[in-house]
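Read the structure below first, then the notes.
The values are calculated or read from the model by the stated rules, or taken from the named source; none is laboratory data. On a predicted model such as this, the values are computed, not experimentally measured, just so you know. Using ideal geometry, Cβ is built from the backbone for each residue, glycine included, and neighbour counts are taken over all protein chains shown. Quick note on the areas: whole protein, heavy atoms, side chains included, nothing else; ligands and nucleic acids left out. Shrake-Rupley method; radii C 1.70, N 1.55, O 1.52, S 1.80 Å.
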Amino acid sequence: MRMAMADEELEGIRRQRMAELQQKHGDPSSDQQGQQEAKQRETDMRNTILAQVLDQSARARLSNLALVKPDKAKAVENYLIQMARFGQLGGKITEAGLIEILEKVSQQTEKKTTVKFNRRRVMDSDEEDDD
């Protein structure tokens, strides 16, 4: 029942996007305003889907993360939305579940820092065997 409602909602959003694209190609003068409205609709759609799949504490944690690391929060949001679209979520995700997802995403996007020392060999005492 719940998935059927989400599928209908997603189908409605797809139809709306198609209409926007057709309208955008027809009238180039309102292009900037149309882009702004499309971006707003996309943000609203993302928030709606996230509200459906996350409980209150998980949403609070995700919004705090968005303040500190917006790129990581965006990656987690995309991951959650994709899982919701394919029906891989069993119910609302709790804060503990969100922490697990955050750990998975940070492992995938982890940057390894390496430091390489280049030693200068100008006045190296090992080479002087004249004494």
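Restricting the search to the stretch 103-114, which residues are exposed (fewer than 11 other Cβ atoms within 10 Å of the Cβ) and among the charged types (D, E, K, R)?
Those that are exposed (fewer than 11 other Cβ atoms within 10 Å of the Cβ) and among the charged types (D, E, K, R): GLU103, GLU110, LYS111, LYS112.
When you go through GLU100, GLU95 one by one, which is the residue that is of a type outside the set (S, T, N, Q), farther than 17 Å from THR43 by Cα and loosely packed, with under 14 Cβ neighbours inside 10 Å?
Only one candidate qualifies: GLU100.
Name the residue that is nearest to GLN82 (Cα to Cα), counting only residues in the stretch 32-68 that are charged (D, E, K, R) and open to solvent by 50 Å² or more (accessible area, probe 1.4 Å). Don't jump to the end; show me each part of the working.
Taking the stretch 32-68 as the starting set, the residues that turn out to be charged (D, E, K, R) are 37, 39, 41-42, 44, 46, 55, 59, 61.
Subset that is open to solvent by 50 Å² or more (accessible area, probe 1.4 Å): 37, 39, 41-42, 44, 59, 61.
Working: GLU37: 23, LYS39: 18, ARG41: 18, GLU42: 14, ASP44: 16, ARG59: 17, ARG61: 19 Å.
Checked the stretch 32-68; the qualifying residue nearest to GLN82 (Cα to Cα) is GLU42.
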